[in-house]
Amino acid sequence: MSLASTVAQAEGCAKGAVVGGVTGHVAGHHGTAGAAAGCAIGHHEAKKKDKAASAAATASQPAGK
């Protein structure tokens with residue numbers, strides 16, 4: 001796993017945790033559960049984005065090299 005990938009996943013978790021925490025708190029004082037769920041979702045989305053970027057970079061390389 002590259003440093004860029006690790007940073008992207010950490011950012012996904014942080015963003016998801018903030019949104020999930022606020023949503024959970026507003027929905028019924030479940031900020032911690034919301035933050036945990038948001039972190040997991042953010043991590044998953046960052047991983048999908050990183051995988052798509054990696055696939056695009058691989059596809060753009062010239063064949064036979």
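The values are calculated or read from the model by the stated rules, or taken from the named source; none is laboratory data. It should be emphasised that the depicted structure is a prediction, and the values quoted were computed from it without experimental measurement. We place every Cβ from the backbone using ideal geometry, glycine too, and count neighbours over all the protein chains shown.
Only one of these is at pLDDT 85 or above, part of a helix (DSSP H, G or I), in contact with a helix residue (DSSP H, G or I) (Cβ under 9 Å, 6 or more places away or on another chain) and not hydroxyl-bearing (S, T, Y): A56, A27, A10, A36. Name it.
A36
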Filter result (under 19 Å from E45 (Cα atoms) and aliphatic (A, V, I, L, M)) within the stretch 23-35
A33, A35
